[in-house]
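Colleague: Okay, here's the structure, questions in a sec.
The values are calculated or read from the model by the stated rules, or taken from the named source; none is laboratory data. Keep in mind it's a predicted model, so treat the numbers as computed, not measured. In this analysis, Cβ positions are derived from the backbone assuming ideal geometry, glycine residues included, and neighbour counts consider all displayed protein chains. Accessible surface is based on the protein model in full, side chains and every heavy atom, while ligands, DNA and RNA are left aside. Shrake-Rupley method; radii C 1.70, N 1.55, O 1.52, S 1.80 Å.
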Amino acid sequence: MKRGRAYIIGAGPGDFELLTLKAKRIIENADCIIYDRLISKDILKLAKKDAELIYLGKGNTEGGLIQDEINQTLVKKCLEGKNVARVKGGDPFVFGRGGEEIEALVENEIEFELIPGITSSISVPAYAGIPVTHRGLARSFHVFTGHTMENGKWHNFENIAKLEGTLVFLMGVKNLDLIVNDLIKYGKSPKTAVAVIEKGATENQRVTVGTLENILKLAEENKINPPAITIIGDVVNLRETFKWFENKNPAKKILVTRDKKQAIEMSQNISKRGGISLELALIEIENLKINMEDLVKYKAILFNSPNGVKAFFENIKDIRKLANIKIGAVGVKTKEVLERYKIVPDFMPNEYLVDKLAEEVVNFTSENENILIVTSDISPCDIEKYNKLYNRNYEKLVAYKTKKLKVDKKELVEKIKDVDIITFLSSSTVEAFYESLDGDFFILGDKKIASIGPMTSETIRRLGMKVAYEAETYTADGLLDIIFR
Ligand code: SAH
């Protein structure tokens with residue numbers, strides 16, 4: 001059997017967007033992803049649908065057993081023929097034990113590539129507004145582990161205390177007292193500035209600033225927890241001026257409940273606008289096979305959603321079949337997707353409702369002509385009504401199915417714990433939410449609910465919840481406009 005390839009990848013410190021383009025491409029194509037606890041979990045969303053995801057975190061343990069397990073799993077999966085992305089926090093070669101994994105791969109004659117990542121040792125200080133070097137203050141920086149004792153031997157602090165550059169300690173929370181006391185003991189000024197940065201480059205970043213003299217007390221008061229970086233030197237004082245990450249308005253955490261594939265774009269738009277997105281898919285979209293034989297009989301085709309367009313065009317073989325057919329799109333998003341397929345719709349109602357679509361097509365057709373409405377299994381589309389009202393022959397084509405997903409209640413509660421705003425882009429997501437929650441709304445507390453439009457709002461209210469925001473333009477972007485206004 002052909003062996004898979006291994007990719008040892010550094011994923012950066014915690015902010016999803018600090019992933020390299022190369023890492024992104026490889027993760028998107030990997031058959032198997034082995035990851036640790038330091039990476040942004042958003043990275044896993046890049047995975048192929050059927051990719052195998054394996055969590056193997058070391059925590060702060062001193063290697064040995066679990067690292068063996070990681071090496072073995074990596075080798076095993078490659079031998080199974082899978083291309084494996086081994087994704088680690090920061091950079092694989094900076095206290096990342098990437099080297100040991102490579103040794104195991106080489107021993108088993110497995111090909112590999114190494115994709116460097118942005119190491120936390122410089123980027124976490126940067127997110128705290130601390131440059132590791134600065135003209136006039138630090139001409140070098142030195143990175144240490146505060147953890148591993150080689151053969152029980154601690155660093156030579158007599159030498160370290162003499163260094164003039166910035167000192168950076170990774171994995172240094174447990175031994176902070178040893179580090180601080182030894183530095184003072186060997187002559188570093190007790191007034192030297194120190195910062196401890198926890199969960200850097202994430203929304204939970206916290207920075208504790210002090211001096212060698214008082215940092216232990218502060219660390220205890222603040223109950224500092226790993227992962228954290230300790231940075232020691234005059235550059236720490238620049239933070240007062242250079243602090244930027246925490247200055248941003250406290251970002252709102254927004255829950256996206258769309259289908260997994262569609263959630264990505266909305267999440268990116270939330271990030272662009274300065275929010276933090278969390279995802280929990282409450283529906284799944286499944287495109288259906290459509291018979292396109294008798295398209296010619298229709299005078300007009302109406303598209304009721306972007307998904308409908310995608311499902312339709314997935315089936316169509318020869319686009320010329322649409323040559324003389326009038327096309328209607330329900331809203332801007334649907335129009336945009338049509339335009340991607342090089343179709344400029346003939347009309348788009350002002351109000352984004354299928355009823356309006358059915359009404360407006362009257363201007364483009366004559367009595368008794370056939371009109372096709374491309375929609376989903378659950379979309380509100382009443383062809384009987386339209387037939388009577390407008391004297392035409394409307395037909396409904398179900399191009400995709402929306403499957404409600406039942407999420408484990410515990411998982412759901414955990415997910416929405418810190419969320420400020422929950423977005424619903426369709427009635428079916430509201431229903432799936434309601435069903436997963438067993439109707440226990442008190443869990444919602446003061447979280448706000450945001451709805452894409454009147455239909456969805458109606459469902460929210462019918463199920464006993466309150467609508468805090470409703471989009472004016474019934475699109476995901478329209479909803480974000482309102483939320484961020
Ligand atoms: N290979 C990683 C380091 C792994 S060792 C890198 O290059 O960044 C694990 C240590 O990294 C943690 O104990 C902590 O000191 C540091 N670390 C990693 N990510 C961090 C983050 N987001 N915030 C603070 N410290 C982090």
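Colleague: Please give, to one decimal in nm, the separation of the simple spin-label points placed at Ile66 and Ile378, each 7 Å out from Cα toward the Cβ.
Modeller: 4.0
Colleague: Still on this structure, please answer the following. Starting from the Cα of Leu56, step 7 Å toward the Cβ, then list every residue of the stretch 1-29 with an amide N under 16 Å from that point.
Modeller: Answer for this model: 4-10.
Colleague: Is the C-alpha gyration tensor of the stretch 327-485 telling us rounded, prolate or oblate? Criteria: a/c under 1.5 is rounded; beyond that, a/b larger than b/c is prolate, otherwise oblate.
Modeller: It is prolate, given that a/c is not under 1.5 and a/b is the larger ratio.
Colleague: Ranked highest first by the average count of other Cβ atoms within 10 Å around their residues, in what order do 310-321, 37-48, 76-87 fall?
Modeller: Ranking the peptides 310-321, 37-48, 76-87 by packing returns 76-87, 37-48, 310-321.
Colleague: Also: Want the number for Val362 to Asn391: 0.36 nm per residue separation, take away the alpha-carbon distance, what's left?
Modeller: Fully extending the segment from Val362 to Asn391 adds 9.5 nm.
Colleague: May I pose another question? Estimate the FRET efficiency between Arg462 and Lys174 by the formula 1/(1 + (r/R0)^6), using the beta-carbon distance for r and 56 Å for R0, to the nearest 0.05.
Modeller: Between Arg462 and Lys174 the formula returns 0.55.
Colleague: Now a separate question. Grab the other residues whose beta carbon is less than 11 angstrom from that of Asn225, score K and R as +1, D and E as -1, and report the net.
Modeller: Neighbourhood net charge equals +3.
Colleague: Still on this structure, I have one more. Which distance in nm do the two modelled labels at Lys297 and Glu103 give, with both placed 7 Å along the Cα-to-Cβ direction?
Modeller: Result: 7.3 nm between the two label points.
Colleague: Oh, and also: At 1.4 Å probe size, with the rest of the protein present, what percent of the exposed accessible area of the chain is carbon and sulfur atoms?
Modeller: Using a 1.4 Å probe with all protein chains present, the chain comes out at 49 percent carbon and sulfur.
Colleague: Under 8 Å for C-alpha pairs, at least 6 residues apart: give me the relative contact order for the chain, rounded to a whole percent.
Modeller: 10
Colleague: Taking the DSSP beta bridges in the stretch 122-242 as the whole, what percent of them are antiparallel, to the nearest 5?
Modeller: Here the share of antiparallel DSSP bridges comes out near 75 percent.
Colleague: For the stretch 286-403, rounded, prolate or oblate, judged on the Cα gyration tensor with a ≥ b ≥ c (square roots of eigenvalues), a/c < 1.5 rounded, else prolate if a/b > b/c?
Modeller: Judged from the Cα gyration tensor, the stretch 286-403 comes out rounded (a/c under 1.5).
Colleague: Now for a different question. Mind ordering 368-375, 341-348 by average Cβ neighbours within 10 Å, highest first?
Modeller: Descending packing order for the listed peptides: 368-375, 341-348.
Colleague: Send over a whole-number figure in Å² for the accessible area per residue of the chain, probe 1.4 Å.
Modeller: That works out to 51 Å² per residue.
Colleague: For Arg485 and Asp408, calculate 0.36 nm times their separation in residues minus their Cα-Cα distance, and state this gained length in nm to one decimal.
Modeller: 24.4 nm
Colleague: Another question, then. Would you mind getting me the FRET efficiency between Lys321 and Arg37? Use the beta-carbon distance for r and R0 = 56 Å, nearest 0.05.
Modeller: Using R0 = 56 Å, I get an efficiency of 0.60.
Colleague: Are any of the pairs Lys22/Lys404; Lys41/Lys153; Lys48/Lys272; Lys41/Lys396 more than 32 Å apart by Cα-Cα distance, and if so, which?
Modeller: Lys22/Lys404; Lys41/Lys153; Lys41/Lys396
Colleague: Next question. Computed FRET efficiency, Cβ-Cβ of Glu339 and Leu44, R0 35 Å: what is it to the nearest 0.05?
Modeller: So, using R0 = 35 Å, E works out to roughly 0.65.
Colleague: Taking only Cα atoms, what is the 0 to 90° angle, nearest 10, from helix 427-436's long axis to the longest principal axis of the chain?
Modeller: With rounding to tens, the tilt is 50 degrees.
Colleague: Sort 168-181, 288-301 for me by packing, meaning the mean count of neighbouring Cβ atoms within 10 Å per residue, highest on top.
Modeller: Peptide ranking by packing, descending: 168-181, 288-301.
Colleague: Which aspartates and glutamates have a Cα lying under 14 Å from the Cα of Lys388, excluding residues fewer than 8 positions away in the same chain?
Modeller: Filter leaves Asp355, Glu359, Glu367, Glu369.
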